[in-house]
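Engineer: Here it is, the structure, as structure tokens.
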Amino acid sequence: MKQYFFLTGLPKTGSTWIMNMLNSVEGISCMGEGLFFASGLKNTPSLYDSLYSSIYNWGDYVSERKNNWLETLVDIQTIEMRNYVSEDNKERVITTLTEHAVREIVNKCFSLRKKESSTIGDKTTSLSVDVFSRIQRTFPESKIIFLHRNLYDFMASYTMHFYRSTKNSRADAATTIFTINDFLKIDSYQQDRDGDIITSETIKKLVHDWKYMDMEFERYKSDKTTVLTVRYEDIKSDPAKYFTKIAQFVHTDFNNEQAKRIVDKWAFDSKMMSTGPLKKHVNSRTIGYGKKLFSTNLQNIVQEELC
């Protein structure tokens, strides 16, 4: 039986770096951006959200009929022997149907991977903690690699990544959290004009998402069997040690000798990472650089939102 895993957490936490290293391991296939359970794009909902919306009206109708097709899939509890289903129970029915459909599609996608692998994973980051419960309900037997990063470095890297995306009309420029005003602010900031790097409202949204993800990270630290929590700062400090930990979590045959070879291949100053499209993903700045990019005004807003 193949082992499935999902590499997730906030964007700009080293997920692309880890994905490429994992995909270099013999026996592991790891690709990116399936958007199976989460999406941060305005016009591209996740597979889960797309199916939930599509199934809702049909499931809403059929779940209120006794002796119907759904009873073979999910327990439908009617009230007082009538064809009335409570809203809570109806929500459970729709969610269960969605998870059945997502599982079928993901299984098919994973089975068609060209690389022969006993361990298969997807890398899709998320701004919402809902991604973890969705994965665990749909694939309870899978493993999750949960990446995290300090607040200011996350905000700085995330903001600049999507700012660059607007310059070449990348699909991920249409992210749910930024407005055109934010990118105009960045232009002003980079030209040494007055003004903060992004708007205060966007800062509040980013801090909100990070704060809830941080609480989830702390909660999952005790789960050593199905969820591995790893900080970006730790990976940067000792790539071989922490990549070995990650690879062995999903693929027990991995050894230290493989780790050194793969880490060297994907080092930030290597040919693989310093040329071509991956160059835009590399951030070689020191840990903690992000805070210096934000004005005192924005830092005060951050502290207020953290309280």
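The values are calculated or read from the model by the stated rules, or taken from the named source; none is laboratory data. Keep in mind the model is a prediction, meaning the values are calculated, not measured. Here the Cβ positions follow ideal geometry from the backbone for every residue, glycine too, while neighbour counts run over all protein chains shown. These accessible areas exclude ligands, DNA and RNA; they are computed on the full protein's heavy atoms, side chains included. Shrake-Rupley method; radii C 1.70, N 1.55, O 1.52, S 1.80 Å.
Engineer: Past the 28 Å Cα-Cα mark, which pairs from 2/241; 221/265; 2/205; 114/167; 185/292; 260/291? Please list the in-between numbers first.
Structural biologist: Numbers: 2/241 25 Å; 221/265 30 Å; 2/205 38 Å; 114/167 33 Å; 185/292 16 Å; 260/291 32 Å.
Too far apart for the 28 Å limit: 221/265; 2/205; 114/167; 260/291.
Engineer: Set the Förster radius R0 to 51 Å, insert the Cβ-Cβ distance between residue 299 and residue 240 as r into 1/(1 + (r/R0)^6), and round the FRET efficiency to 0.05.
Structural biologist: Working: r = 35 Å, r/R0 = 0.68.
The formula returns an efficiency of 0.90 here.
Engineer: Could I ask something else about it? Give me the net charge for the shell around residue 27: Cβ to Cβ below 9 angstrom, other residues only, Lys and Arg +1, Asp and Glu -1.
Structural biologist: So the surrounding residues net to -3.
Engineer: Which whole-Hz ³J(HN,Hα) couplings does segment 167-177 yield from phi under the Karplus relation 6.51 cos²θ - 1.76 cosθ + 1.60, θ = phi - 60°, glycine and proline marked x?
Structural biologist: In residue order, the calculated couplings are 6, 10, 6, 5, 4, 6, 5, 7, 7, 6, 9 Hz.
Engineer: If you take the charge dipole of the chain about its Cα centre, with +1 on Lys and Arg Cβ and -1 on Asp and Glu Cβ, which of 14, 202, 158 is farthest toward its positive end?
Structural biologist: Result: 14.
Engineer: List the residues, sorted by chain then number, that are 5 or more residues from residue 121 or on another chain and whose placed amide H is less than 5 Å from its amide H.
Structural biologist: Answer set, sorted by chain and number: 5, 29, 30, 31.
Engineer: Which of the peptides 240-249, 143-152, 258-267, 168-177 is most tightly packed, and how do the rest follow, judged by the mean count of other Cβ atoms within 10 Å per residue?
Structural biologist: The peptides rank, most packed first, as 143-152, 240-249, 258-267, 168-177.
Engineer: Report the gain in length on full extension from residue 111 to residue 172: 0.36 nm times residue separation, minus Cα-Cα distance, nm rounded to one decimal. All intermediate terms of the calculation are to be shown ahead of the outcome.
Structural biologist: Numbers: separation 61, 0.36 × 61 = 21.96 nm, distance 2.68 nm.
Stretched out fully, the residue 111 to residue 172 stretch lengthens by 19.3 nm.
Engineer: Pop out the ³J(HN,Hα) list for segment 20-37 in order, Karplus 6.51 cos²θ - 1.76 cosθ + 1.60 with θ = phi - 60°, rounded to Hz; leave Gly and Pro as x.
Structural biologist: Going residue by residue, I get 5, 5, 4, 5, 8, 7, 5, x, 10, 10, 9, 10, x, 6, x, 6, 5, 10 Hz, with x marking Gly and Pro.
Engineer: Please state the relative contact order of the chain as a whole percent: Cα pairs under 8 Å, 6+ residues apart? Can you show the working numbers first?
Structural biologist: On the way: 421 pairs, mean separation 77.4, N = 307.
Rounded, it is 25 percent for the chain.
Engineer: Provide the per residue accessible area, probe 1.4 Å, for the chain, rounded to a whole number of square angstrom. Each step should come with its number before you reach the end.
Structural biologist: Numbers: 15800 Å² over 307 residues.
Dividing the accessible area of the chain by its residue count gives 51 Å².
Engineer: By its C-alpha gyration tensor, with a ≥ b ≥ c as the square roots of the eigenvalues, how is segment 144-199 shaped: rounded for a/c under 1.5, else prolate for a/b larger than b/c, else oblate? Walk me through the numbers on the way to the answer.
Structural biologist: On the way: a/c = 2.44, a/b = 1.42, b/c = 1.72.
Verdict is oblate for segment 144-199.
Engineer: Taking the structure as given and computing P(r) over Cα pairs in 20 Å bins from 0, in percent, which label from (1) 29, 53, 17, 1; (2) 28, 49, 20, 2, 0; (3) 37, 61, 2 fits?
Structural biologist: So the calculated entry is the one marked (1).
Engineer: Over segment 1-49, what percent of the accessible surface lies on carbon and sulfur atoms, probe 1.4 Å?
Structural biologist: Values: 900 of 1750 Å².
Using a 1.4 Å probe with all protein chains present, segment 1-49 comes out at 52 percent carbon and sulfur.
Engineer: How many angstrom lie between the C-alpha centres of segment 159-200 and segment 204-220?
Structural biologist: What the calculation gives is 22 Å, centre to centre.
Engineer: For the chain, with only Lys/Arg (+1) and Asp/Glu (-1) charged at the beta-carbon, what is the dipole magnitude about the Cα centre, in debye rounded to 20? Can you show the working numbers first?
Structural biologist: Working: 42 positive and 39 negative charges, 216 e Å.
About 1040 debye.
Engineer: Once each part is reduced to its C-alpha centroid, what is the distance from segment 5-24 to segment 122-139 in angstrom?
Structural biologist: Using only Cα atoms, the two centres lie 14 Å from each other.
Engineer: Here's a follow-up. Report, to the nearest whole %, how much of the accessible area of segment 155-198 belongs to carbon and sulfur atoms, 1.4 Å probe, protein only. Don't skip to the answer; put the middle values down first.
Structural biologist: Details: 1060 of 2220 Å².
C and S fraction of accessible area: 48 percent.
Engineer: Pop out the ³J(HN,Hα) list for segment 132-147 in order, Karplus 6.51 cos²θ - 1.76 cosθ + 1.60 with θ = phi - 60°, rounded to Hz; leave Gly and Pro as x.
Structural biologist: Values per residue, Gly and Pro as x: 6, 5, 5, 4, 5, 6, 7, 10, x, 8, 7, 10, 10, 9, 10, 9 Hz.
Engineer: Starting from the Cα gyration tensor of segment 114-253, take the square roots of the eigenvalues, sort them a ≥ b ≥ c, and report rounded, prolate or oblate (rounded when a/c is under 1.5, otherwise prolate if a/b is larger than b/c, else oblate).
Structural biologist: Numbers: a/c = 2.06, a/b = 1.97, b/c = 1.04.
Prolate shape, in that a/c is at least 1.5 and a/b is the bigger ratio.
Engineer: Another question about this same structure. With a/c under 1.5 counting as rounded, go ahead and sort segment 189-276 into rounded, prolate or oblate using the C-alpha gyration tensor (a ≥ b ≥ c being the square roots of the eigenvalues; past the cut-off, prolate if a/b is larger than b/c, else oblate). Numbers along the way, then the final one.
Structural biologist: On the way: a/c = 4.04, a/b = 1.41, b/c = 2.86.
It comes out oblate by the Cα gyration axes.
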